[in-house]
């Protein structure tokens, strides 16, 4: 009887390990996205004044108007950069 229990335990341990590996493989894209979000968060924490200015601009101008303005600024920047 103990032999069958040992075999059953070994099979369950192997199954558990395979399931853990499958979960890790499935979670890999989520882990990469979380790491990217963490890097962005750390970068924003280093520049609180910039974040406050962007937030103020969004409130004052509105998100749509700010997007249009940012698009124009980026186009002009790209022209002068060359």
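The values are calculated or read from the model by the stated rules, or taken from the named source; none is laboratory data. These numbers come from a predicted model, not from an experiment. We place every Cβ from the backbone using ideal geometry, glycine too, and count neighbours over all the protein chains shown.
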>> Test of understanding: among 22, 60, which residue is surrounded by 10 or more Cβ atoms within 10 Å (Cβ to Cβ), out of contact with any strand residue (DSSP E or B) (no Cβ under 6 Å at 6 or more places or on another chain) and without any contact (Cβ under 8 Å) to a residue 40 or more places away in the chain?
In response: 22
>> Just checking, does segment 5-13 include any residue being free of Cβ contacts under 8 Å to residues at least 40 places away in the same chain and either touching a strand residue (DSSP E or B) at 6+ places or on another chain (Cβ under 8 Å) or not in a helix (DSSP H, G or I) (or both)?
In response: no
> Is segment 44-54 home to any residue that is modelled with pLDDT under 90, within 18 Å of the chain's Cα centre (by Cα), assigned to a helix (DSSP H, G or I) and surrounded by 10 or more Cβ atoms within 10 Å (Cβ to Cβ)?
Replying inline: yes
